[in-house]
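Trainee: I have a structure here, written as structure tokens, and I will follow up with some questions on it.
The values are calculated or read from the model by the stated rules, or taken from the named source; none is laboratory data. This is a predicted model, so every value here is computed, not measured. Because the Cβ atoms are built from the backbone with ideal geometry, glycine has one as well, and the counts that use them run over all protein chains shown.
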Amino acid sequence: MSQNLSAYRIFYTVANTGNISKAAKELFISQPAISKSIQKLEENIGCKLFARSSRGVALTEEGALLYTYVKDAFDTLTLGEEKLHRSIELGVGHLKIGVSTTLCKYLLLPYLKNFIKLHPHINISINCQSTNETLKLLEEDKIDIGLVGKPENIKNMNFDHVAEIEDIFVAAKDYLRNLKTRGVPRNHILQNATLMMLDKNNITRQYIDNYLQQNHITVQDSIDISNMDLLIEFAKIGVGIACVIRSFVQDELKSGTLMEIPLHVPIKKREVGFVYKNPEKSMTSLKQFIEFYHAPMIYTPEYTHLPNDLHSP
């Protein structure tokens, strides 16, 4: 567009009023300024836009053609302003969250359930990826916030602690009984079992691999599984020993469906939290979400089984 918006605003107003004097009053500028703007617009476009008479001005054929497009443009701008005002009044927004499937189910859903009740007009998009992929999406501004296990290095990002998680190894009673029958010593269970863990691109898997290496535990047989829910289910039917998060198998441990493998050196607990860029430059929806999870959380009955350390952000 070779002309500035103000020139088209003057053209649009003169066309609507059919009178330069009326347009001047509506726009709060002088008649000479309007005449000069119209003249300049005509010179730049290369045709007459108005035919002048004693009654005022009327659009020429060329002016009428231009007017249809200018009108559409200003109608669109007006509609955009109206929708923006309604969005502000209703709190309408869009929040894009990155999270792993496991953390989404066990940690994010309780937050979202209550947040949506308070802010029903905010649209939520969930991108289920590993922590590493979530951090990449955040760096590329493809999501607004991520729920991740705290990485060693957070570049130019904020991290808000949500919970502390503990990795453990679990197995079904029958699987452990079979290992005992084979003469596997209690302190060599991991070395002689089939270990089921998340895939190697997952930050949890990398954390566990480091633990195994540091404690000189050599894994003979392992299975990579895409998500923790499947790890738990495979462990329950006796496929092998699964590395899971303690908080997510509380019911199975209490009922005896799964047994925890005792470790000579416990796996150090990890932090989980929300990570995001500079909140001062963020959209209102993100700021509202950050304010929400910083406040004391009220859980609905279906989430009361969560352990205490997950109840306080």
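Trainee: Would you mention how many residues in region 184-206 are of a type in the set (S, T, N, Q) and either part of a helix (DSSP H, G or I) or not assigned by TED's automatic domain parsing to the domain that holds residue 238 (or both)? Please lay out each step first, then the result.
Mentor: Filtering region 184-206 down to residues of a type in the set (S, T, N, Q) leaves 187, 191-192, 194, 201-202, 204, 206.
Pick out the ones that are also either part of a helix (DSSP H, G or I) or not assigned by TED's automatic domain parsing to the domain that holds residue 238 (or both) and you get 187, 191-192, 204, 206.
Here the count works out to 5.
Trainee: In region 214-229, what count of residues is obtained for those that are in a helix (DSSP H, G or I) and loosely packed, with under 15 Cβ neighbours inside 10 Å?
Mentor: 1
Trainee: Moving to a separate point now. Of the conditions (1) polar (S, T, N, Q); (2) free of Cβ contacts under 8 Å to residues at least 24 places away in the same chain; (3) surrounded by 12 or more Cβ atoms within 10 Å (Cβ to Cβ), residue 19 clears all except one; give me its number.
Mentor: Answer for residue 19: the failing condition is (2).
Trainee: Follow-up. Only one residue in 123, 114 is under 30 Å from residue 203 (Cβ atoms), in contact (Cβ under 8 Å) with a residue 24 or more places away in the chain, touching a strand residue (DSSP E or B) at 6+ places or on another chain (Cβ under 9 Å) and among the polar types (S, T, N, Q), so which one is that?
Mentor: 123
Trainee: Run residue 207 past the list (1) farther than 26 Å from residue 145 by Cβ; (2) at pLDDT below 95 and report the number of the one that doesn't hold.
Mentor: Failed condition: (1).
Trainee: Next up: Just checking, how many residues over region 235-250 are in a helix (DSSP H, G or I) and either in the same structural domain as residue 128 (by TED's automatic domain parsing) or within 30 Å of the chain's Cα centre (by Cα) (or both)?
Mentor: The total comes to 5.
Trainee: For residues that are modelled with pLDDT of 90 or more and among the polar types (S, T, N, Q), scanning just region 124-159, find the one that is surrounded by the fewest Cβ atoms within 10 Å (Cβ to Cβ).
Mentor: The selected residue is 125.
Trainee: Restricting attention to region 190-206, report how many residues are buried (at least 16 other Cβ atoms within 10 Å of the Cβ) and either in contact with a strand residue (DSSP E or B) (Cβ under 7 Å, 6 or more places away or on another chain) or among the hydroxyl-bearing types (Ser, Thr, Tyr) (or both).
Mentor: 10
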